[in-house]
Amino acid sequence: MASTSDIRNGLCIKFNHDIYKIIEFLHVKPGKGPAFVRTKLKSLTSGKVLDNTFSAGHKIDVIRVETHTFQYLYPEGDEFHFMNAETFEQISLNKNILDAPDLLKEGTNVMVQINTETDLPLSVDMPASVILEVTYAEPGVKGNTATNATKNATVETGASVNVPLFINEGDKIKIDTASGSYMERVKE
């Protein structure tokens, strides 16, 4: 048992007969009344995200997890196949567990959290950013730059990303996996 003071991003807890991962949290101490913790929880079984408020000092059930490095191999329908980097054992995970499955490129290393009690994978932590090649980008129209103008581009994994007008086909770009947004162009 832990209390609300132990809440942090990425913590896995048992709540409402399900396992949730804390995505965001905020300790709030209003001028009047008791303190509380606002959290955004993601269900690791269904993928649904819900907001919940815990009162200060509320007891929570923490799930013990181990983190292992896995390499992404290939997709097969709604299943994604990964290989443990240490034991070379392969597992397949459903698309719902992944935060940004459309940004996964073959050979990418990810961190998989595994429940120590049941040995089942709970969640997949993607790298903070990925570098992907643009396979299709509409040509940028000159003189269209009054403000930060963007256009749609498709990257090698099939994901669609809004990029600045100067990005062309064949360019490599860095993408934030949390928001799926363009960060910068990568020079080689």
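The values are calculated or read from the model by the stated rules, or taken from the named source; none is laboratory data. It should be emphasised that the depicted structure is a prediction, and the values quoted were computed from it without experimental measurement. Counting neighbours? That spans all protein chains shown, and the Cβs are built from the backbone with ideal geometry, glycine included. What goes into the accessible areas is simple: the full protein's heavy atoms, side chains included, and nothing from ligands, DNA or RNA. Shrake-Rupley method; radii C 1.70, N 1.55, O 1.52, S 1.80 Å.
Descriptive notes on the structure:
- From the coordinates shown, log10 I(q)/I(0) by the Debye sum over Cα atoms at q = 0.10, 0.12, 0.19 Å⁻¹ corresponds to which of (1) -0.54, -0.72, -1.20; (2) -0.44, -0.62, -1.40; (3) -0.42, -0.60, -1.27: (1)
- Net charge of neighbours whose Cβ lies under 11 Å from the Cβ of K105, counting Lys and Arg as +1 and Asp and Glu as -1: -4
- Spacing of the two label points (7 Å from each Cα toward its C-beta) at A128 and F166, in nm: 2.4
- Gain in span if fully extended, E106 to A149, counting 0.36 nm per residue against the direct Cα distance: 12.4 nm
- By a 1.4 Å probe calculation restricted to protein chains, E156 has an accessible surface near 80 Å², given to the nearest 10.
- Most mobile listed residue (N52, N94, N16) in the chain, GNM with C-alpha springs under 10 Å: N16
- Under 17 Å from K105, Cα to Cα: lysines that are on another chain or at least 8 residues apart: K95, K172, K174
- Structural descriptor for the chain: relative contact order 14 percent, calculated from alpha carbon pairs under 8 angstrom and at least 6 residues apart.
- Once both labels are positioned 7 Å from their Cα atoms along Cα-to-Cβ, the gap between S181 and T116 label points is 3.7 nm.
- Residue of L73, L104, L50 that the Gaussian network model of the chain assigns the largest fluctuation, springs spanning Cα pairs under 10 Å: L50
- Close lysine pairs were tallied over the stretch 1-77: pairs 8 or more places apart or on different chains with Cα atoms under 29 Å apart number 20.
- Accessible-area ranking of D99, D61, D51, largest first, probe 1.4 Å: D51, D99, D61
- Under 13 Å from the Cα of K151 - aspartates and glutamates, other chains or at least 8 residues apart: E138, E169
- Longest stretch of the chain clear of exposed loop sites (trypsin sites (Lys or Arg not before Pro), DSSP loop, at most 14 other Cβ atoms within 10 Å, sites excluded): 143-186.
- Candidate aspartates and glutamates for bridging to K187, where Cα separation is under 13 Å - those fewer than 8 sequence places away on the same chain excluded: E133, D171
- In the elastic network of the chain, a GNM with C-alpha springs shorter than 10 Å, the most mobile of G107, G77, G158 is G77.
- Added length on full extension, which subtracts the Cα-Cα distance from 0.36 nm per residue, T67 to Q90: 6.7 nm
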